[in-house]
Amino acid sequence: MSAIHVALLGLGTVGKGVLETIHTHQERLQFALGKPVKVTAVLVRNVNKHTIQDETILLTDQFEDLQLEKADVVIDAIVGVEPGFTYVRKAIEKGCHVITANKEMFAHHGKELMELARKHHVSIGFEATVGGGIPVIQTLRKLLNINRITKVEGVINGTSNFILTNMREKGLSFEEVLKTAQESGYAEADPTNDVEGFDAYFKALVLSHVVFGEVPKPEHTVRKGISQIKIEDINHATSLGLKYKHIAKLEKQGDVITCNVEPVLISNDHPFYSVEGVQNAVSIDADIVGNITLLGPGAGKLPTASAVIEDFLHLYQEQSLSYLKQQPLEV
Ligand SMILES: NC(=O)c1ccc[n+]([C@@H]2O[C@H](COP(=O)([O-])OP(=O)(O)OC[C@H]3O[C@@H](n4cnc5c(N)ncnc54)[C@H](OP(=O)(O)O)[C@@H]3O)[C@@H](O)[C@H]2O)c1
């Protein structure tokens, strides 16, 4: 029986989670797909840092070694706009389906990659770029079949939420909590992307692509982080029964899409009031269904791998559906 061949870009938190899940859930995957899934090659920056138990998997630091002409799917779990964009573009041009977790790359190039994928008759999955393990993208797409979505709001940066929660609960300053967050792996050594709102902004751009088919103009965008919030501000808010949450909000009025990524004071009737620590939440307002709020792990090895593998299954289910649609009905 032939296998579905996968080339994996990156073997960090997400890449390891994907490799592990393909191994631990091989039987389930094979049952769902009718074929085994075989990771053939893994690309990293520094091969000396890594060992892979399965000796049939090629570990390389050279993109050309991946032999994409033999791959069916490329899973992108590397960091930053480049070389991620170039690699994903080449993979699509070689006829591979792509699944990416790389939100920064996808926020910048999502639209052109989706067009390129359409041109080459392949699919591109990007569930893992927003909300880690929460199935945000699939939910939005399902709703959009019939609903008009008017607003999407999210606590979509776990590091910021972790810091705000710990400042409030422990009475510590931003700097003190950031240091513990870095020590315990909840924040990067350079935390700028998270605490200045860039990460949430990139995710908001991806959501905007999905919901409105375009991104907000810079003049309709606000991007602020949490680094200016003082413990005195938090204590004062607490005394009034309020909490600071770092919220990314997308709204469309007429032809204008607005994007506000900033700390917001909320009261206990807000759906994000009890979203604490590294949890993420996304709230969707749609004209027929009303409000839906999704809550769950916004990052981490296995939650993110779950989103990647969900995309993988969805991709093949879509393929077989479109094949069936092309077959004449026998009566
Ligand atoms: N971590 C999460 O929970 C999470 C959740 C959702 C989405 N994401 C996104 O998923 C992606 C991966 O995140 P991560 O946390 O797994 O990152 P990570 O732990 O830093 O791992 C990144 C991996 O990519 C490899 N890599 C980086 N640049 C490369 C290059 N130029 N060429 C070849 N390989 C390269 C690294 O190789 P070396 O190991 O040799 O350095 C490493 O194995 C990022 O785009 C991130 O934004 C992460």
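The values are calculated or read from the model by the stated rules, or taken from the named source; none is laboratory data. For clarity, every value in this text was computed on a predicted model and none was experimentally measured. Cβ: placed from backbone, ideal geometry, glycine included. Neighbour counts: every protein chain shown. When the accessible area is computed, the model is the full protein with side chains, heavy atoms only, and any ligands, DNA or RNA have been set aside. Shrake-Rupley method; radii C 1.70, N 1.55, O 1.52, S 1.80 Å.
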Test set (1) near the ligand (Cβ under 10 Å from one of its atoms); (2) on the phi > 0 side of the Ramachandran plot; (3) open to solvent by 70 Å² or more (accessible area, probe 1.4 Å) - Q67 fails condition number: (1)
Sole exception among (1) open to solvent by 10 Å² or more (accessible area, probe 1.4 Å); (2) under 29 Å from E276 (Cα atoms) for M114, by number: (2)
Condition check for T159: among the hydroxyl-bearing types (S, T, Y), part of a helix (DSSP H, G or I), within 16 Å of the ligand (Cβ to nearest atom) and in contact (Cβ under 8 Å) with a residue 40 or more places away in the chain: yes
G17 vs. criteria under 19 Å from H314 (Cα atoms), touching a residue at least 40 places away in the same chain (Cβ under 8 Å) and within 12 Å of the ligand (Cβ to nearest atom): yes
Filter result for L58 (within 14 Å of the ligand (Cβ to nearest atom), open to solvent by 50 Å² or more (accessible area, probe 1.4 Å), among the hydrophobic types (A, V, I, L, M, F, W, C) and touching a helix residue (DSSP H, G or I) at 6+ places or on another chain (Cβ under 8 Å)): yes
Residue tally, condition charged (D, E, K, R) and more than 15 Å from the ligand (Cβ to nearest atom), over the stretch 300-320: 1
Cβ pairs under 7 Å, 6+ apart, first in the stretch 124-147 and under 17 Å from V289 (Cα atoms), second open to solvent by less than 30 Å² (accessible area, probe 1.4 Å) and within 13 Å of the ligand (Cβ to nearest atom): V136/V130; I137/F126; I137/E127; I137/V130; Q138/E127
Selection within the stretch 22-52 - away from the ligand (no atom under 16 Å from the Cβ) and part of a loop (DSSP other than H, G, I, E, B): H25, G34, K35, P36
Search result, residues across the stretch 239-270 that are of a type in the set (D, E), part of a loop (DSSP other than H, G, I, E, B) and surrounded by 11 or more Cβ atoms within 10 Å (Cβ to Cβ): none
Test: I57 is over 30 Å from A187 (Cα atoms) and in the same structural domain as G95 (by TED's automatic domain parsing): yes
Residue selected from the stretch 1-28 under the condition among the β-branched types (V, I, T) and out of contact with any Asp or Glu (no Cβ under 9 Å at 6 or more places or on another chain), by the criterion surrounded by the fewest Cβ atoms within 10 Å (Cβ to Cβ): T24
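Rundown of residues vs (1) part of a loop (DSSP other than H, G, I, E, B); (2) within 18 Å of the chain's Cα centre (by Cα); (3) outside the structural domain of A101 (by TED's automatic domain parsing), yes/no style:
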| site | (1), (2), (3) |
| --- | --- |
| N193 | no, yes, yes |
| L205 | no, yes, yes |
| V210 | no, yes, yes |
| I234 | no, no, yes |
| V275 | yes, no, yes |
Checklist (1) surrounded by fewer than 19 Cβ atoms within 10 Å (Cβ to Cβ); (2) in the same structural domain as V122 (by TED's automatic domain parsing) applied to Y316, failing item: (1)
Any pair with Cβ under 7 angstrom, 6 or more apart, that starts in the stretch 86-104 at a residue that is assigned to a strand (DSSP E or B) and ends at one that is charged (D, E, K, R) and more than 11 Å from the ligand (Cβ to nearest atom): H97/D72; I99/D311
Lone unmet requirement of (1) more than 15 Å from the ligand (Cβ to nearest atom); (2) in a loop (DSSP other than H, G, I, E, B) for E82: (1)
